[in-house]
1. Between Leu59 and Ser42, what is the label-point separation in nm under the 7 Å Cα-to-beta-carbon projection?
2. I'd like the FRET efficiency for Glu8 and Leu28, computed as 1/(1 + (r/R0)^6) with the beta carbon distance as r and R0 of 30 Å, rounded to 0.05.
3. Past 27 Å, Cα to Cα: identify those pairs from Lys10/Lys55; Lys33/Lys55; Lys10/Lys53, in the order given.
4. If you project the alpha carbons of the stretch 3-63 onto their three principal axes, what span does each projection cover, largest first, in Å?
Amino acid sequence: MTKQNTFEAKLARLEEIVNILDGESLNLDDAAKLFEEGVALSKELSLKLKEVKFKVQTLKAKGAELELEPFDDGQK
């Protein structure tokens, strides 16, 4: 996975877009393009968060089912 495709890089780009749209005076076409990119990034990030949340919940559920066994290091 390249640096610009990481969750963190996408989040940073989304924050950059928000700041640009909030602070700069853009023409309508440029603002619409940035807004469209921001919406797409937001959807990607949301899906990734849902995926990770599902994995964490699954691992937690599996962890609750595990039974601990006494440790036997082979020495007596």
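1. Result: 2.9 nm between the two label points.
2. According to the calculation, E is roughly 0.45.
3. On the way: Lys10/Lys55 21 Å; Lys33/Lys55 33 Å; Lys10/Lys53 18 Å.
Lys33/Lys55, as the Cα separations exceed 27 Å there.
4. 53, 18, 17
We did not get these values from a lab; they are worked out from the coordinates using the rules stated. None of these values were measured; they are calculated from a predicted model. Quick reminder, even Gly has a Cβ in these numbers, built from the backbone with ideal geometry, and neighbours come from all protein chains shown.
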